[in-house]
Amino acid sequence: FVGLLGTVVGIVNSFTSMAETGAGGLGTVSAGVAEALVATATGLFVAIPALAVYNYMQGWVDARGVDMAETANELLDIVASDLKVRHADARHATAEEAVVGRVPAVPQPT
């Protein structure tokens, strides 16, 4: 925004000096245009490296997000498989209890 603001200020200064002098000669306009060009160049000088750093950091953050998603999926797979094993063990134990419950008890001598 520094470059854009400086450009606008430079152009406004050019028009102001043209209005004050009443002439639109090269000398009147060139100072404001030069100011606008310097401001634009300064803005680009700041914006281009900032954009490169932003894109690098955005890529890094995206990669960490993918890593976190993969790790979360692996954790969910581990938990799901553990729950399946526990559920199968519980079903097996329940089946054994049902079989044991059906076996007639041996009469105990009194």
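The values are calculated or read from the model by the stated rules, or taken from the named source; none is laboratory data. Please read all numbers here as calculations on a predicted model, not as lab measurements. Cβ placement follows ideal geometry from the backbone for every residue including glycine, while neighbour counts extend to all protein chains displayed.
A few comments on the model shown:
Here is a yes/no grid of residues against (1) out of contact with any strand residue (DSSP E or B) (no Cβ under 8 Å at 6 or more places or on another chain); (2) at pLDDT 90 or above; (3) exposed (fewer than 10 other Cβ atoms within 10 Å of the Cβ); (4) not in a helix (DSSP H, G or I):
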| position | (1), (2), (3), (4) |
| --- | --- |
| ALA69 | yes, yes, no, no |
| LEU75 | yes, yes, no, no |
| LYS84 | yes, no, no, no |
| ALA88 | yes, no, no, no |
| ALA95 | yes, no, no, no |
| ALA98 | yes, no, yes, no |
| ALA105 | yes, no, yes, yes |
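- Close contacts from segment 45-62, counting a first residue that is under 26 Å from GLY6 (Cα atoms) and a second that is in a helix (DSSP H, G or I), with Cβ to Cβ under 9 Å and a gap of 6+ residues or different chains, come to PHE45/GLY3; VAL46/VAL2; VAL46/GLY3; ALA47/VAL2; ALA47/GLY3.
- Scanning segment 39-51 for residues that are of a type in the set (A, V, I, L, M, F, W, C) and within 15 Å of VAL12 (Cβ to Cβ) gives a single hit, ALA39.
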